[in-house]
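K.L.:
After the C-alpha cells below, expect a handful of questions from me.
Every read-out reported here was derived from the displayed coordinates using simple, explicitly stated rules and does not represent laboratory data. All values derive from a computational prediction rather than experimental measurement. For neighbour counting, all protein chains shown are included, and Cβ atoms are generated from backbone atoms with ideal geometry for every residue, glycine included.
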Amino acid sequence: MQRSVWGAARALLARSVEEFPVELGPEVDGSAAWCVREAAACVYRGEAGRCGQLGEQLMDCGWERLNGRGWREVSRSWRRLYSYGCLYRALGLCGTGGSMEEALSVCDLGLLLGAHIMDNVLGRLISTLQHAHRTGTGPLTDTELINGSEPRMGPLTGPRTDTELSDGSEQNSEPRMGPLTDRELSDGSEPRMDPLTDRELSNGSEPRMDPLTDRELSNGSEQNSEPRLVPLTDRELSNGSEPRMGPLSDRELSNGSEPRMGPLSDRELSNGSDQNCEPEPRMDTLSVINKNKTQTEGSMSSDLHHKGKKRLMDDKCELEPGNCKTMPRPLTPILELQSTIPKLLCPSLEHFKANYLVTQQPVILEGIIDHWPCMKKWSVDYIQRVAGCRTVPVELGSRYTDVDWSQKLMTINEFISKYILNQQGCTGYLAQHQLFDQIHELKEDISIPDYCCLGDGDEDDITINAWFGPAGTVSPLHQDPQQNFLAQIVGRKYIRLYSVSETENLYPFESSLLHNTSQVDIENPDLDKFPKFAQSKYHDCILSPGQILFIPVQWWHYVRALDISFSVSYWWS
C-alpha cells in the first residue's frame, strides 16, 4: 500500500490526540480502555506499527465478547471497542505498507460486527482506500485534503491517441475501454468493448456488443466468438418485444452464423412457439455473464397436482449446455389466472392507500423504479468494480431451515466467482443484508419508493435489504412483521403469497427462532403430515425487472429466483 494512504487516513481524524474522541461506555475500563487511548496516541506519534498491534489486541478482546452471547445481547460499549480495534488495525496497515484488501476487510468487520464510532470513520476510511485502489495513484495527501483539492486523475481512459502511443503511454497504463486505434489493430491487439457514446447514454441505450469487423477478424480476433448483445430497434421496442435467443434461419446456418438475439416474430410464434408461456426474461447485463456458452430456456413443466393442489416445478430442469460447472436452471412455473397478483401502473398515493394498503391486499406496481440508476448500471462487472473488495455475510445452503445451512464472511468478488459465475453444487446467497448502509456507492443507485410515506414511521425507520444470488435460491415460506416493498432490479423471481388468515393451514414452526416460518415445503408438500395445507389459497406472480411487489404485513411469502437475481426490499411500518 502506498505511503500516501497513511496521510489521507490520518486526515480523517482529529487534529490532535487531545481532540481524538474516545466513545466508550462505563463497562469498558482497565487495560482495554488504556489500549484505546494508547493506540490513538501512536497515530499522532507516527507509530503506525504499534498502532496496528494494539488494534489487533482490541479486536481479539472485542471478538471474545461478541461470541460470548447473541450479537444483539452484547453491550454497545463492547461493540464500540471492537470498532476501535478495527480502526487502529486498518490505520496500522495503511502506515506500514500492508495489504489494502486486508485493510478494507478489517474496516468491513467493524461495520458489520461493531458499532458506530466517530461519525462513521470506518466508512470514510473505506472510501479513502477505494479511491486509492481505483485511481492507482494513491488518495489525496493530508495537505491536499485540507486545501480541498480536486481528485487527481488516475490511469488514462478512453482510446489511446497516436501521441500517447508514441510516448509509450500504453506500457504503463491500465487496460482501458475504447475502440482500437489503427496502430493497435496493426499490432494484433485484442478487440475491446466500446463504451456507449454520449448520445446513446442520453437515449438510455443498454451496453451493446457489436459484431467483429472484417478488420478485427483479419488481425487475429477469434472468429468463433459468442454472439454479442445488441439492443432492440425502436420498432421492436414500440411493439413491446422482449429480447431472447432466437433460432437461426436456414440461410444463417448455411453461412455459419452464430445464434442471434432478437424478439420472436409472429411467424415464429405461429410455427409452434408456446404463446402461453411466460415471456423470456429481459437479457440484463447481469444475466449474460457466461460468454463461452449459449443459454437455452428449458421447456415448461406440466401442471402437477396432488390431492387437488398444484405443485411448483419438480426437480427436473434442463442443464445449460457447454458448462458442467453450472447448476440446473429452474423451470418457469405456469401461473393460474385466478391466483395471479394484479398489476398497476403508477397508481396515485390515494388509490394505493385506499385499495391496497388499508385493505391489506398485494399488488405489483409498475413504472415506479424505471428511472433509478440501478436499472441501467447494475451488472456483475459494475458490482465487482464498485464493491468487489468489500466483505459481506453470505448464506450457504439451499434454505435457512436446512440442517446444513450456514453463513460465511467473504468478499463480493469471492462470492461472485464461487456462487454466481461458477456454481459448483452449494448455493450461496447474499440475503437480507443491509448492503446499502455499508456501501454508499450502491445506495446512490436506488431510492425509497414514495408510497413508504404512507406509513407511520420516519424515513430513517425503513430497513433496506439486498438480495443477490444465482438462479435457484429459495426463501422458504415465512412472514415479516412489517409492510414490505420488494423491488426487482435484475432477473426474475417466482413469488407465492398466503394471507394471514391461512396461518393455521401453513403449520409454522413451534420454536421461537423459526416461529415465523412454515414447516411446509410448498414445492413438494407432505400432505400426509400437513393435511390442512391442501385447503390453503394463495396468490402468486413472476416478478420481473422494474416491478415492485407490495407484500402486506405478516402475509406469508415464498420466493424462488428463476434467474441470476438482485432484489431490494423495503420494510416499513
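K.L.:
Around L562, which amide H atoms from residues at least 5 apart in sequence, or from another chain, sit under 5 Å from its own amide H, with H modelled in the peptide plane?
P.N.:
G472, R492, K493, Y494
K.L.:
Let me ask another. Using 0.36 nm per residue, how much length does the chain from E56 to S447 gain when fully extended, once their Cα-Cα distance is taken away?
P.N.:
Once the chain is fully extended between E56 and S447, it gains 137.0 nm.
K.L.:
Further question on the same structure: Starting with the fewest neighbours, write out W63, W572 ranked by other beta-carbon atoms found within 10 Å of each beta-carbon.
P.N.:
W63, W572
K.L.:
Looking at the range 422-532 from every direction and averaging, what is the projected area of its Cα convex hull in nm²?
P.N.:
Here the figure is 9.8 nm², rounded to one decimal.
K.L.:
Let me ask something else. From Cα coordinates alone, what are the radius of gyration and Dmax values for the range 526-566 in angstrom?
P.N.:
Final numbers for Rg and Dmax: 13.8, 40 Å.
K.L.:
Report the full-extension gain for the segment S501 to N413: residue separation times 0.36 nm, less the Cα-Cα distance, to one decimal in nm.
P.N.:
Full-extension gain reported as 27.4 nm.
K.L.:
Local charge sum around P342 (other residues, Cβ-Cβ under 13 Å, Lys/Arg +1, Asp/Glu -1)?
P.N.:
-1
K.L.:
So for the range 481-535, what percent of the C-alpha to C-alpha distances run longer than 12 Å?
P.N.:
Above the 12 Å cut-off, the range 481-535 has 74 percent of its Cα pairs.
K.L.:
I need the shape label for the range 64-136. Rule: rounded when a/c is under 1.5, else prolate if a/b > b/c, else oblate, with a, b, c from the alpha carbon gyration tensor.
P.N.:
prolate
K.L.:
Report the normalised scattering of the range 4-147 as log10 I(q)/I(0) at q = 0.10, 0.13, 0.14, 0.16 Å⁻¹, calculated by the Debye formula with identical scatterers on the alpha carbons.
P.N.:
-0.30, -0.51, -0.59, -0.77
K.L.:
Could you sort out which of K408/K529; K377/K408; K343/K377; K493/K532; K343/K537; K408/K493 sit more than 22 Å apart by Cα distance in this structure?
P.N.:
Distance filter (> 22 Å) returns K408/K529; K377/K408; K343/K377; K493/K532; K408/K493.
K.L.:
Give me the Kirkwood hydrodynamic radius of the range 337-572 in Å, from all C-alpha pairs, to one decimal place?
P.N.:
Hydrodynamic radius (Kirkwood, Cα pairs) of the range 337-572 is 18.5 Å.
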